[in-house]
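Asks: One structure is given below, represented as structure tokens, and several questions about it will come after.
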Amino acid sequence: MKLDTFYSIKDVSLVLSLNYRTVLDLINKGELKSYRIGRIFRISQEQLEQFLQSNKNKNGFSNTKYPKYY
């Protein structure tokens, strides 16, 4: 078994420039996979890369419902 690098919620929030609560919400919704050890969450490097790949913006526009201005 290969040991992976693990990140805390705070580490992920800094890397992605997101609020701590936003990262926690992503975990609670199941969009970002994590391990929970007691009260502590850890996100592996592989899980973070999968999350980024699945949310990759392919066409240059956001997937949100905001109006597009051209």
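Asks: Could you give the nm distance between label points at ARG21 and ARG39, where each point is 7 Å from its Cα heading toward the beta carbon?
Replies: About 1.9 nm separates the two model spin labels.
Asks: What spacing in nm lies between the two simple spin-label points modelled at SER54 and GLU31, each 7 Å away from Cα in the Cβ direction?
Replies: If labels sit at SER54 and GLU31, their model points lie 1.1 nm apart.
Asks: Heavy-atom accessible area of PHE6 with all protein chains present, probe 1.4 Å, nearest 10 Å²?
Replies: 100
The values are calculated or read from the model by the stated rules, or taken from the named source; none is laboratory data. Owing to the predicted nature of the structure, the values given are computational and were not obtained by experimental measurement. As a convention, Cβ positions derive from the backbone with ideal geometry for all residues, glycine included, and neighbour counts pool all protein chains shown. Only protein heavy atoms, including side chains, enter the accessible area calculation; ligands, DNA and RNA are left aside. Shrake-Rupley method; radii C 1.70, N 1.55, O 1.52, S 1.80 Å.
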